[in-house]
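Notes follow once the structure below has been shown.
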Amino acid sequence: MNHLLALLLVAIDCITRVWRIQLATWAAGGSVSFGDALRLNLYGEAASTLTPNRLGGEPARFLGLTWSGVRPVTALVALGVEVAAEWPVFGLIVVVLGVHYIPDWGERASRWLSHSLARDLLTVELVALVVLLVIYGLQRLVRAGAIRHRVRRQWRVAIAHVRRAPWWALGAGALLTCVSLAARALILPALAWGMPDAPPFGVMFFGALALLQAGLLVPLPSGGGGIEVALLSGFAGDFPPGQMVIMLLLWRFYTAILLTILGVYLLIRTHGAQAAKELFTVGWLRRRR
């Protein structure tokens with residue numbers, strides 16, 4: 001039953017992501033079939049897992065869209081619309097995780113609000129200064145080429161086309177993103193369902209949700225061991241003796257390995273080994289000029 005629940009959650013994750021890219025492609029003026037959308041998402045999942053900081057994911061999905069008959073410009077717009085719907089959800093996740101992992105946030109907020117007006121104004125000014133410094137630093141990094149071209153292009157496309165996309169489409173895309181991330185985070189509690197002395201549901205859910213986003217920060221592919229160390233250290237709960245390693249292997253299989261294997265298989269079978277090599281070396285090798 002645990003494995004059936006895990007597979008069901010994987011299926012929900014895949015289906016919601018298919019609907020999301022279909023909706024984004026429609027909002028961009030194109031169309032993509034369910035089967036093609038499923039394949040391109042599997043391409044992206046495989047490339048994200050096998051490249052540093054998940055850099056290969058968007059190029060793989062872009063190529064998947066163009067291979068499905070979508071014009072390159074329309075494909076870029078579709079990915080931009082999808083990103084515009086995703087990132088607010090990621091910001092919300094950061095807030096939710098912060099509230100969850102800072103138990104006395106309410107007391108700290110009360111103390112902050114009880115400060116004098118002068119202290120409040122000073123705090124606001126300092127926060128504004130930090131924000132301006134961060135923006136200035138990002139601009140300098142972009143100009144210096146420290147931020148990769150793929151990321152800059154993704155930001156530009158998202159910003160340029162977010163106003164053109166229907167707001168209800170962006171809202172639906174954000175809702176589908178929430179369902180997708182929740183389904184993937186629920187895999188760990190599903191695998192532990194019925195286990196004696198299993199960790200509390202909230203610890204497993206929020207721990208898995210945080211670890212699933214860590215791949216964007218850890219430079220090595222798919223977390224590069226950092227996620228494994230965090231899970232074994234009890235970040236998502238302390239499992240019974242003898243079950244920790246098994247839970248780690250099962251969780252990584254359903255959240256990363258399974259879809260990666262499917263994506264690699266479909267990519268090589270459909271487009272050949274050379275296409276797979278080009279995508280899976282993104283972020284690893286520099287092209288010769």
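The values are calculated or read from the model by the stated rules, or taken from the named source; none is laboratory data. Remember, predicted model here, so these are calculated numbers, not experimental data. Positions of Cβ are backbone-derived with ideal geometry, glycine not excepted, and every protein chain shown enters the neighbour counts. Keep in mind that these areas ignore ligands, DNA and RNA; they rest on the heavy atoms of the full protein, side chains included. Shrake-Rupley method; radii C 1.70, N 1.55, O 1.52, S 1.80 Å.
Observations
- Taking all protein chains into account, the per residue accessible area for the range 16-93 stands at 35 Å² (1.4 Å probe).
- A 1.4 Å probe over all protein chains sorts 19, 251 by accessible area into 19, 251, starting with the largest.
- Cβ-defined net charge surrounding residue 252, 14 Å radius [Lys, Arg +1; Asp, Glu -1]: -1
- Using a probe radius of 1.4 angstrom, the carbon and sulfur fraction of the accessible surface of the range 1-104 is 72%.
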